[in-house]
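Written out below as structure tokens is the structure these notes cover.
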Amino acid sequence: MRGLIIYNTFLFTEKFSEQVNMLQESASKFDTELDALDNSGINVSLTSNGFVVNDDKLKSYDFFMFWDKDIKLFYALETYAKKHNILCFNSSESILTCDDKSKTALRIAEWNEKAQDYEKINIPETIIIPMTYDNIGYNNFSFIKNISKKLSYPLVLKESFGSFGAGVYLINNDDEFEERLKKIGGKSCIAQKFVKTSFGRDIRLQVVGDKVVASMLRISQNNDFRANVTNGGKAYKYEPTENEIKLALNACKALNLQIAGVDLMFSQEGKEADILCEINANAHFKVISDISGINVSDKIIQYIINTVNENK
């Protein structure tokens with residue numbers, strides 16, 4: 001079996017290359033060849049005949065792994081893949097929905113509209129900040145009063161695009177809200193109700209297919225309300241409850257994700273995590289593998305191989 005993992009050539013630091021290497025090592029364990037190619041190495045022409053890929057050798061692969069956020073390229077490659085019976089993990093639409101926190105909230109709300117009570121996904125109350133333009137930014141802040149009245153302070157302001165806790169701010173009053181929006185410029189943002197009982201702690205569940213294969217508890221070590229390891233959090237081994245597993249799996253179903261890292265928060269002290277924080281379509285799995293003792297890359301490759309075989 002042969003697969004291709006596509007990564008971003010402009011963000012291929014040691015942290016990112018490590019994941020690609022781990023997946024390639026896992027693939028070799030299962031007699032699978034996993035080639036790596038950066039997104040600049042694939043050209044797709046948009047023509048009167050449709051999508052034309054510059055390298056016809058791509059049709060020899062059994063699967064593509066989209067390990068980045070180059071949505072337009074992945075969308076084009078999906079069309080190519082369908083013609084040649086190549087499976088893709090994850091879909092471009094799912095990656096796009098996860099990458100944009102406002103789209104994630106919209107999709108979860110849509111899911112909850114139709115879901116049975118036992119399927120509903122608990123999320124912090126969320127308000128999408130009014131859209132502006134990059135060259136204009138925010139020059140009218142009258143909407144702040146309505147948002148703060150609805151959510152109350154402190155509240156969490158999140159840039160729609162960002163990873164590792166970047167672009168996430170705890171806002172305490174109207175002045176802070178206005179100043180932060182000025183600094184953000186015209187970027188898309190959401191505001192969320194602050195979950196005080198989960199200050200500086202959350203859990204990460206790694207989902208592969210229809211299973212949670214690894215988990216960890218993250219706790220801030222520097223009084224940061226964010227628990228991300230990148231921001232100084234520390235990870236601990238964690239055994240998720242049945243309800244936490246169900247919540248993570250439902251979140252992935254709502255976004256049509258096969259492989260994802262799901263972050264959950266705690267609505268009550270001493271209780272299980274029961275609020276969805278975020279979903280990551282290309283979640284880094286080195287830390288969770290080390291903490292849990294489970295080789296997540298093995299689980300991912302095993303799932304992909306089984307899925308490809310089932311679809312032959």
>> Rg over Rh of segment 229-312, using C-alpha atoms and the Kirkwood radius, what does it come to?
In response: 0.99
> Any idea what the relative contact order of segment 158-292 is, in percent, if you count C-alpha pairs under 8 Å spaced at least 6 apart?
Replying inline: 23 percent
>> Per q in 0.10 Å⁻¹, report the Debye log10 I(q)/I(0) for segment 1-152, using one uniform scatterer on each alpha carbon and no solvent.
In response: -0.55
> Do you know the relative contact order of the chain, to the nearest whole percent, from alpha carbon pairs under 8 angstrom that are 6+ apart?
Replying inline: 16 percent
> What number, in percent, do you get for the relative contact order of segment 1-76 if the mean sequence gap of Cα pairs under 8 Å and at least 6 apart is divided by its residue count?
Replying inline: 46 percent
> Rounded to the nearest 5, what % of the DSSP beta bridges within the chain are antiparallel ones?
Replying inline: 75 percent
> In whole percent, how big is the carbon plus sulfur part of the accessible area of the chain, probe 1.4 Å, protein atoms only?
Replying inline: 48 percent
> Tally Lys and Arg at +1 and Asp and Glu at -1 over the other residues with C-beta under 12 Å from the C-beta of residue 217: what net charge comes out?
Replying inline: 0
>> Calculate the FRET efficiency for residue 118 and residue 54 from the Cβ-Cβ distance with a Förster distance of 51 Å, rounded to the nearest 0.05.
In response: 0.60
>> Using only Cα atoms and rounding to the nearest 10 degrees, what angle (0 to 90) does helix 296-310 make with the longest principal axis of the chain?
In response: 50 degrees
> Which stretch or stretches of segment 256-297 have amide N atoms under 18 Å from the point lying 7 Å from residue 221's Cα along the Cα→Cβ direction?
Replying inline: 286-292
> When the C-alpha atoms of segment 185-245 are aligned to their principal axes, what extent does each axis show, in angstrom, from largest down?
Replying inline: 40, 27, 21
>> Quick check: convex hull of the Cα atoms in segment 131-182, volume per residue, rounded to a whole Å³?
In response: 86 Å³
>> To test your reading of the geometry: what angle, between 0 and 90 degrees and rounded to tens, separates the Cα axis of helix 71-83 from the longest principal axis of the chain?
In response: 40 degrees
>> Given the C-alpha atoms of segment 76-180, compute the convex hull and give its volume per residue in Å³.
In response: 162 Å³
> Accessible area, 1.4 Å probe, largest first: how do 107, 218 sort?
Replying inline: 107, 218
> Using mean Cβ contacts within 10 Å as the protection proxy, how do 223-231, 28-36, 296-304 order, highest first?
Replying inline: 296-304, 223-231, 28-36
>> Between 0 and 90 degrees, rounded to the nearest ten: what's the tilt of helix 14-29 against the longest Cα principal axis of the chain?
In response: 40 degrees
> On full extension of the chain, what length is gained from residue 195 through residue 141, given 0.36 nm per residue of separation minus the C-alpha to C-alpha distance?
Replying inline: 17.0 nm
> So how far, in whole Å, is the C-alpha centre of segment 106-182 from the one of segment 30-75?
Replying inline: 35 Å
>> So, for the chain, what is the accessible surface per residue at a probe of 1.4 Å, expressed in square angstrom?
In response: 50 Å²
> Over its Cα atoms, what ratio of radius of gyration to 2.2 N^0.38 Å does the chain give?
Replying inline: 1.04
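The values are calculated or read from the model by the stated rules, or taken from the named source; none is laboratory data. Since the structure is predicted, the reported quantities are computational estimates derived from the model, not experimental observations. FYI the Cβ positions are ideal-geometry reconstructions off the backbone, even for glycines, and counts take in every protein chain you see. Calculation scope for accessible area: heavy atoms of the full protein, side chains included, ligands and nucleic acids excluded. Shrake-Rupley method; radii C 1.70, N 1.55, O 1.52, S 1.80 Å.
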